[in-house]
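None of the figures in this text is laboratory data; all of them are computed from the coordinates on show. All values derive from a computational prediction rather than experimental measurement. Don't worry about glycine lacking a Cβ; one is built from the backbone with ideal geometry, like all the others, and counts go over all protein chains shown.
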Amino acid sequence: MIEVKNLWYIYQPMGTVALRDINLRIEDGEFVAIIGQNGSGKSTLVKHFNGLLKPTKGVVLVDGVDTRKCRVSDLARKVGYVFQNPDHQIFAETVREEMEFGPRNLGFPEDEIKKEVERISKKVGLYEYLDEPPMSLSRGQRQVLAVASILTMRPSTVIVDEPTTGLDWKGSIEIMELLKDLNEEGKTIIMITHNMRIVSLYAKRTIVMFKGEIMLDGPTEEVFSKPEELKRAFICPPSNYLIARELSKYINFKSLTIEGISSEIIKKLRGEAT
Amino acid sequence: MGNIIEVRNVSYRYRFSKREALKNISLEIEEGSFVGIIGPIGAGKTTLCYCLSGVIPHILGGEFKGDVFVKGINTRDATTPELTQIIGFCQQDAESQLFMTDVEREIAFPLENLMFPPDEIKARVEEALRITRLTKYKKRHPFFLSGGEKQRVVIAAVLAMRSEVIILDETLSELDPLGAEEVMETVSRLKEEGKTIIMVDHDLERLGRFADKIVLIDEGRKVAEGTPEEILSNIDLLREHYLDPPWTTQIAASLVRAGIHLPYIPITFESGVELFKKLLEGT
Amino acid sequence: MSLVLHMLEMGKRKSPIHALNPLAKMLWWASIIIIPIIITNPIILLLVTFWTLALSAIARIGKELVRTIKILYPLLIGFIVIIWPLFYPHGEPLLQFSFIKVTTDGIIYALAAGLRIVTAVTACLFFTMTTDIADLASATAQFAQEKLHVSYTLPFLIVSSFKFLPEFIATYATVKESFMSRAVEFEKGGFVERIRKHVPLFIPIILSSLEKAKNMTIALELKGFRAREKRTFYKPSTFKGRDYLFAFSGVLALAICLYIRIMTNFWSVFFWC
């Protein structure tokens, strides 16, 4: 569990305020999306969760422990951070070595590491590539490798920064399904993204940030149904919400998925009870 | 309006590669039109852009078969400086296309290289800054610009050459929504000025709004070509090639499958909502 | 890093000094920087330093200059003043521990050495904060092209590195963070071990640079780089009266100091003996 109390972060020496009085609580097993314009403070906030940044004011608690009292390497056991560009993370000669790096640094026993690497590579579809160089993989596969290299450290929380950038639709769905799977296993997933479609399809909770503050925080459906606030944060909800809003005069939509919207329109047109 | 670009039976294999990146592609692009190129990753879209702009065969080696004609000139016979003044190419990564420590110098850079007189350079720089709305940033170091602003600088540098054709290869793919909107605004202004635009993009709905023609590329082949209405309403075709059709189109397709008659298949948000409202008003 | 970038960006401001031809400023700077090398007399050095500060005020960079001075100088001077006297052998000893002698002469000389550094660094900061690197490269390239028939490649490489350096540093920071997030403890271990830990950081950096290199090559070719024998210049460098005057003032100061050095005793901090 991650708790943030009255968090302020100010960049020195320029004195720019990146985060203003953030209060937040993320329970175990949540699937949270953090959205907001560039410069709203998303990455800055999330870097406090694994200790890369320490608060200027306020406190961040990970499983009850103050992050200021921990090293990043301690927090890496609990909170994994997958960076936006896998090519800024991948360095090893083989996929296997890349996946072994994290757990080895944490001091896991060798036989456990080997087992975990095999298990996770099978899960993410990289088992056949274990002895291949990472550069021979496609961009989408490298993105998966970046996630897998964090998973071998067995963190209970996984933070992913822009998981779908640089991927086409198919690649995006593949990585998101992996994250959904992990969430169903009990891991907490925190995702920073600009892709509203993905947010509406996968995130159960959405936090909207603007100029270093949290503007909205709640279940995704609720958040996307507040167009005025979203507009102020320069966020445009995905088209399914906009469609539902435009047609709300005729139908009170219960489901906001494409399939749901379609079936409710069909029922209405057929004169059936909705 | 004739064809400004003609691609005839182009095939291409990268050096050190065993497979063909492009397989026998033929294509015509009308002057002043806006052509959208779509397809999954690895389809060959960037390779096609390389062939259109002369990067292939002049800069990259490999095996290039077929011909590309730009304003009637075969790209094999023209030099890169000649081609670059007819076709401007904006690659996906903005940072690897910017070399100067301020914006106005970046725009002036290609003109200096090609020995334009200083007065001409000055006029073109001002014009490019104006069109891309970057005048207030002219002395800024690109490190301090947002993603969308950087892409606009890339476009401005291409505009300085006053090329009639502008290729945008995934220019918006890594931008936030605001940045993408700013760039799209510039691009639509270029279209109004009569430039021919070729744009590779993943957002089918956005492309559908601006394009006169959509070309679907996959595995090096031209799979389909047509108006946005023709291509983007063909949900099965798009799904087959791992693309995400516009969501109003997907809803419309579900309605059709359920036996409901639709006068047309919408491909944009606005036309979809309008259609659904009309249908629901009838109930 | 951002401070360095900020300093470089200051070269883009507007002031009577900024408007001078960068080559004139370079000549002035090159002359002034030789003075602390040949002179240890504090009076001369202080005069030169105050002259530089006065010019900084005209250039309207006074505030930033003072801020940098406040941070930089105590470090530089403090270090020199403490270490130097330990190794200056001449003169009457004040303190002595085995072979290390600290003399009054040593202390005086150390202070003079500190002042030399101050003079030199002030001139360098002044030059950096009033000159746009791209203007300098362009003016140099123009001069080189017209008079020496030398190609543009070197000035281009210099300007480009100032464009790419901040991005490179930012990438390095991100890569380091990604390694820290995988439990690499950079703060721990001896000197050699810490260096070793930094080595794998360069692999992602180099690999992503290679990909970028291909795109950059394409971009440069398309921008007509080296397509022609020569090039024209967006901001043609002109040498006006005031440029000559400014450059001359620096050269004159140097000439005077050279005379003092060769012909008189006044150059040394110990000129009274």
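The Cα atoms of segment C:115-269 give a gyration tensor whose axes a ≥ b ≥ c have a/c of 1.5 or more with a/b no greater than b/c, which makes the shape oblate. Projecting the Cα positions of B:Ile214, B:Thr186, B:Thr101 onto the charge dipole of chain B (unit charges on Cβ atoms of Lys, Arg, Asp and Glu, taken about the Cα centre) puts B:Thr101 furthest along the positive direction. Using only side-chain charges placed at the Cβ, +1 for Lys and Arg and -1 for Asp and Glu, the dipole size of segment C:166-267 relative to its Cα centre rounds to 380 debye. Helical content alone sets the calculated 222 nm signal of the protein assembly as shown at -15000 deg cm²/dmol, taking -39,500 (n - 2.57) per DSSP H segment of four or more residues and averaging over every residue.
Dimensions of chain A from C-alpha coordinates, computed as largest minus smallest value along each principal axis and given longest first, are 64, 48, 30 Å. Which of the GluC sites (Glu not before Pro) across segment A:169-236 are loop residues per DSSP, with 16 or fewer other Cβ within 10 Å? Sites meeting the loop and neighbour criteria: A:Glu185. The angle between the Cα long axis of helix B:177-192 and the main principal axis of chain B comes to about 80°, on a 0 to 90 degree scale.
When DSSP beta bridges are limited to those with both residues in segment B:3-228, what percentage is antiparallel, rounded to the nearest 5?
Antiparallel: roughly 55 percent of the beta bridges in segment B:3-228.
Convex hull over the Cα atoms of segment B:3-228, averaged projected area in nm²?
Result: 11.7 nm².
Going by neighbour counts of Cβ atoms within 10 Å, the residues C:Phe186, B:Phe16 line up, fewest first, as B:Phe16, C:Phe186. Comparing C:Ile44, C:Ala247, B:Gly88 along the charge dipole axis of the protein assembly as shown, the residue lying farthest to the positive side is C:Ile44, per the Cβ-charge model.
Within segment B:3-228, what is the number of lysine pairs with alpha carbons under 16 Å apart, leaving out pairs fewer than eight places apart on the same chain? Counting lysine pairs in segment B:3-228 gives 17. Put in line by how crowded their Cβ is, counting other Cβ atoms within 10 Å and starting with the fewest, B:Asp77, B:Asp201 read B:Asp77, B:Asp201. Give the cross-link partners of C:Lys188 among the aspartates and glutamates, using a straight C-alpha distance below 14 Å as the criterion and excluding same-chain residues fewer than 8 apart. Within reach: A:Asp74. With all pairs of separate Cα atoms included, segment C:153-222 yields a Kirkwood hydrodynamic radius of 14.0 Å. The equivalent ellipsoid that matches the C-alpha gyration tensor of the protein assembly as shown spans semi-axes of 54, 37, 25 angstrom, in descending order. When both bridge partners sit in the protein assembly as shown, DSSP labels roughly 55% of those beta bridges antiparallel. Both radii were evaluated on the Cα set of chain C; the Rg over Rh quotient, with Rh as the Kirkwood radius, amounts to 1.06. GNM remark for chain A: springs join alpha carbons under 10 Å apart, and the peak mean-square fluctuation among A:Lys211, A:Lys187, A:Lys231 falls on A:Lys231.
Basic side chains Lys and Arg get +1 at the Cβ, acidic Asp and Glu get -1 at the Cβ, and with that the dipole of chain C about its Cα centre reaches some 700 debye.
At an R0 of 35 angstrom, the distance between the Cβ atoms of C:Leu210 and A:Lys123 translates into a FRET efficiency of 0.70.
Taking a quarter of the surface of the Cα convex hull of segment C:195-273 gives a mean projected area of 13.6 nm². Note down the relative contact order for chain C as a percent, whole number, built from C-alpha pairs under 8 angstrom at least six residues apart. Across chain C, relative contact order equals 32 percent. Dipole of chain A computed with +1 at Lys/Arg Cβ and -1 at Asp/Glu Cβ about the Cα centre; of A:Met191, A:Gly36, A:Met215, farthest Cα towards the positive end is A:Met215. Rounded to the nearest 20, the size of the Cβ-charge dipole of the protein assembly as shown about its Cα centre is 2500 debye, with Lys and Arg at +1 and Asp and Glu at -1. If you fit an axis through the alpha-carbon atoms of helix B:103-113 and take the longest principal axis of the Cα set of chain B, what angle between them do you get, 0 to 90°, nearest 10? Approximately 60 degrees, to the nearest 10. For segment A:40-116, the list of GluC sites (Glu not before Pro) that fall in a loop by DSSP and count at most 16 other C-beta atoms within 10 angstrom reads A:Glu93.
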